[in-house]
Every structure is written in structure tokens, then in C-alpha cells.
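Quick notes on the structure that follows.
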Amino acid sequence: MASAPMPPAPTIDPPQRSATAAFLAGFGAAWLSVMAYVVIGTYIGLAALAHDFGFSLWWLAASTVLVWAGPAQVILVSALGAGAAPVEVAIAVSLSSVRLLPMVISLLPLIKQPQTRNRDLLLPAHLTAVSMWIEALRLLPPLPREQRIPFANGLGLSFMLAAQIGGGFGYYLATSLPPLLSAALLFLTPMSFLISTTRNCRLPSDWLALVFGLVLGPLLAFWQVGLDLLWTGIVGGSLAYGIYRLREARR
């Protein structure tokens with residue numbers, strides 16, 4: 001099935017290349033991406049889940065800002081709603097969010113300059129989720145380096161706003177949403193990530209890593225291996241990189 005063409009990278013007029021202009025460009029770019037609407041759909045499902053467990057809309061909004069990771073919030077809501085100890089929930093949410101660390105590590109070199117202060121990297125690092133990471137890698141390279149941090153901040157905050165909008169709609173629609181539809185909406189994020197990753201594959205190592213992940217992920221989950229997603233990334237990515245380097249060495 002042919003994929004829809006992606007919107008072009010935004011441009012910032014040279015006379016207006018201020019941090020504010022870059023921030024607003026990033027904020028607007030998020031709404032030109034399908035990921036914003038995927039986030040809205042995902043959080044409609046998440047809000048329905050939070051409503052069913054008795055959490056308030058304000059609690060959901062605060063957890064979105066503080067956690068900012070859909071799967072981790074599903075764990076947070078379902079575990080606390082089931083009566084799990086807060087310490088256990090905190091550990092589970094933290095382990096779930098480890099998957100975002102490689103994304104942060106790959107994004108920071110794109111936005112950091114020699115004179116960049118560490119405190120300037122805190123907000124873009126926190127805002128790095130699947131949606132923001134995918135679009136940042138696509139949109140940041142054409143921009144001047146000094147504009148990339150405010151652009152990334154605008155992009156990430158815009159996606160967070162989309163999550164809040166979806167959460168508000170979902171919370172008040174919770175009584176009329178069928179459980180199957182709520183579950184399907186939560187499934188939007190991993191499916192969109194898979195499609196976006198497939199579309200962005202360029203090198204043979206990219207395709208190898210994708211194939212290894214698709215094979216290893218279900219197997220490790222079926223075998224109930226702890227931290228299956230983390231091990232899928234480590235093993236599949238390492239195998240793909242090793243095969244690629246071996247092939248290059250033989251050329």
C-alpha cells in the first residue's frame with residue numbers, strides 16, 4: 001500500500017530566525033504530521049482507561065506532563081488502579097521508559113552545540129517520545145543548528161498538547177466508548193511507530209534490525225522473558241549491526 005507523502009520540512013525566514021520563530025515553527029510542524037492525530041487517538045483510549053479506574057482528569061493531565069510516555073502511563077494507570085504498591089509501580093514505569101533512552105541519545109547530537117548548556121537539554125530530553133523523536137529526526141537536519149533546540153521544544157510541546165486534547169475528549173467520552181475501541185486506540189502508537197520505522201529504513205542494517213525485532217519480540221513475549229522489549233532491541237540491533245559490519249569488511 002502506497003504511503004502518503006510526508007509534508008516538507010518547515011522553513012524559517014532568515015530575518016526571523018529567532019528562538020521564538022523556531023519554537024513556533026516546531027509547534028506548527030507537529031500538526032502537519034499524522035503523529036499528532038495518532039497521539040490524540042491513543043490518549044482518547046488512555047483517558048477511557050483512567051476514567052474506568054477512577055482517576056480524575058486533572059490526575060491524567062498531570063501524569064501526561066510528568067511521565068510523557070503512553071505505554072508507561074498505561075502501566076501507571078492499570079497498576080495503581082489494581083492496587084499495586086507505589087514503589088513497584090514506579091519501578092515498572094521506569095523500566096518501561098528505558099526504551100526511550102536510545103532515542104534521547106540519538107537526538108541530542110542533532111541539537112547540541114559546543115556552547116550548549118546542559119540545562120538547555122533537559123526539556124527536549126524530557127519531551128523525547130516516539131512521536132517527537134520520529135518527526136525530529138526528519139525535520140531537524142535541514143535547520144540551522146542554533147534553531148534546533150527551540151524547534152524540538154515546540155514540536156514536543158505541541159505533541160503533548162495533542163495528548164491533553166485527546167485525554168480530555170476520551171475522559172468525557174469514556175462512558176460511551178466500547179472497551180474494544182479503547183484498546184484499539186491504545187494500539188495506534190505502536191502501529192504508527194512500526195509503519196514510520198519501516199518507511200524510514202534506508203540501509204540494509206535498518207531492515208535487518210526491523211526483521212530481527214519483529215521475530216524476536218513476539219518470541220520473547222511468548223516465552224515470558226523479563227524486559228522482552230529491551231532485550232529485543234539489544235539483541236536484534238546488535239545482530240543487525242554485526243552483520244552489516246561483517247559485510248562491509250568483506251567488501
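Worth pointing out:
- Build a GNM of the chain with springs between Cα atoms under 10 Å apart, and of Ile195, Ile149, Ile165 the one that fluctuates most is Ile195.
- Residue of Gln73, Gln147, Gln113 that the Gaussian network model of the chain assigns the largest fluctuation, springs spanning Cα pairs under 10 Å: Gln113
- Of the trypsin sites (Lys or Arg not before Pro) found in region 52-148, those in coil by DSSP whose Cβ has at most 12 other Cβ atoms within 10 Å are Arg117.
- Prolate/oblate/rounded call for the chain, Cα gyration tensor, a/c under 1.5 rounded: oblate
- Helix-only [θ]222 nm of the chain, DSSP H runs n ≥ 4, -39500 (n - 2.57) each, per residue, nearest 500: -23500 deg cm²/dmol
- Treating r as the C-beta distance of Ile243 and Thr175 and R0 as 45 Å, the FRET efficiency rounds to 0.30.
- The chain: most fluctuating residue of Leu208, Leu194, Leu122 per GNM, C-alpha cutoff 10 Å: Leu122
- Tensor-based shape of region 118-251 (alpha-carbon gyration tensor, a/c under 1.5 rounded, otherwise prolate or oblate): oblate
- Dipole magnitude of the chain, debye to nearest 20 (Cβ charges: Lys/Arg +1, Asp/Glu -1, about Cα centre): 860 debye
- In this view, the solvent-accessible surface of Tyr43, computed with a 1.4 Å probe and all protein chains in place, comes to about 10 Å².
- In summary, the helical segments of the chain meeting the span-like criteria, namely a full DSSP H run, a Cα extent along the axis of 27 angstrom or more and a mean Kyte-Doolittle hydropathy of at least -1.0, are 34-52, 148-173, 204-222, 228-250.
The values are calculated or read from the model by the stated rules, or taken from the named source; none is laboratory data. Quantities reported herein were computed from a predicted structural model and do not represent experimental measurements. Cβ atoms come from the backbone with ideal geometry, glycine included; neighbour counts cover every protein chain shown. To get the accessible areas, we keep the full protein, side chains included, count just its heavy atoms, and leave off ligands, DNA and RNA. Shrake-Rupley method; radii C 1.70, N 1.55, O 1.52, S 1.80 Å.
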